[in-house]
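**Student:** My questions all concern the structure below.
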Amino acid sequence: MSDAEIVELVEKIKTLRSESQQIELKKASSGCPKRLYDTLSSFSNQDGGGVVVFGLDEETDFQVVGVYDPNDLQRRIKDACNEMEPPVRALISCCNVEGKPIVVAEIPGVDIERRPVFYRGKGRVAGSYVRVGDSDEPMNEYEVYSYETYRKNTRDELRTVPDGTVRSLDETTLNKYLDELKRWRPNLSKYPDDASILELMGVTKGGVPTIAGLLVFSNYPQSVFPELRITAVRVMGTRMGDGGARRFSDNESIEGPISEMLERAIAFVDRNSRHNTIVDEQGKRADTDEYPRVAVREAILNALLHRDYGVYSINRPICVEMYNDR
């Protein structure tokens, strides 16, 4: 960052009188801040990174106070960056503003495949941070796990079911599926047995049903994963809690395989929607739905197929909520 850019940045901060999603201030007039790793982590873990400005004091109306020793501060910033995993490669600049030394560290955002960037001294889970407004917040286990699964290309729906056996899958549905596969994909018929085809298609793994296989081919997958269901409610008003003691006019816990949950959820929306009948000038009648059925089907199907089946979210149901105005 050039001297002119640093001066411009300082003036912007003093005008806004605030830190931001991309800007963090450190006083550093009497020594290097004891904690830098949270900001180094959070900026590294967001697209575009961020900038740490040393030598401005938020508590004195964002005045320029200067840093204690530019050379020593730069060395300590580099040391802090090297304590991160992977190491942070900050671009450090310094210049005088209002006759006082200012140091700026530009923290690049890393590629998503390398996230989360974390402080080695606290470990991957406790040492990973995310930027929320002007603060650095610890990542929760789910956020860390999401980066891990992305980097490793983990497909959680292909994890095997604990204590599962092929006998838990509906034989009639499986056979129909296999017949259709062989019909439309004749090369699959070259495999020696049906078990090999089920392995290839992700229905089983090592002879044990996968989560995907359970959800499609078991009559009651909720016996293993109780929350892999849909909770549907029709709220009495425009906000949750409207209606007093009678909070819902309709609610249903929808279970079964994906195909059954889809149809029952669509039926729930349908019976809790308004349906209009219009007669045109020629006397022809036309019925219209409050919500286009094709859109309702697509929304619910996407929720079922693209939900997160990871270990930190598999115990949360899909929710369908209907209100008077939406």
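The values are calculated or read from the model by the stated rules, or taken from the named source; none is laboratory data. The model shown is predicted, which means the values in this text are computed figures rather than measured ones. What goes into the accessible areas is simple: the full protein's heavy atoms, side chains included, and nothing from ligands, DNA or RNA. Shrake-Rupley method; radii C 1.70, N 1.55, O 1.52, S 1.80 Å.
**Student:** How about residue 176: which aspartates and glutamates have a C-alpha closer than 14 Å to its C-alpha, ignoring those fewer than 8 places off in the same chain?
**Tutor:** Qualifying aspartates and glutamates at Cα under 14 Å: 194.
**Student:** If I compute log10 I(q)/I(0) by the Debye sum over Cα atoms at q = 0.10, 0.16 Å⁻¹ from the structure I just sent, which labelled value in (1) -0.83, -1.19; (2) -0.70, -1.25; (3) -0.70, -1.39 lines up?
**Tutor:** Step by step, log10 I(q)/I(0) by the Debye sum over Cα atoms at q = 0.10, 0.16 Å⁻¹ for this structure corresponds to label (1).
**Student:** Turning to a different aspect of this structure: What number, in percent, do you get for the relative contact order of region 204-326 if the mean sequence gap of Cα pairs under 8 Å and at least 6 apart is divided by its residue count?
**Tutor:** Computed over region 204-326, the figure is 32 percent.
**Student:** Let me ask something else. With every protein chain left in place and a probe of 1.4 Å, what is the accessible surface of residue 263, to the nearest 10 Å²?
**Tutor:** 90
**Student:** Okay, moving on. As a test of the definition: which semi-axes, in Å, follow for region 144-242 when you take the square root of five times each eigenvalue of its alpha carbon gyration tensor? Largest first, please.
**Tutor:** They are 32, 19, 14 Å, listed from largest to smallest.
**Student:** Compute a Gaussian network model of the chain, connecting alpha carbons closer than 10 Å, and tell me which residue from 311, 294, 208 fluctuates the most.
**Tutor:** 294
**Student:** Return the subset of 27/78; 34/152; 182/205 for which the Cα-Cα distance in this structure is over 28 Å, preserving the input order.
**Tutor:** From the list (27/78; 34/152; 182/205), the Cα-Cα distance tops 28 Å for 34/152.
**Student:** How high is the relative contact order of the chain? Use alpha-carbon pairs under 8 Å, at least six apart in sequence, and give a whole percent.
**Tutor:** Computed over the chain, the figure is 13 percent.
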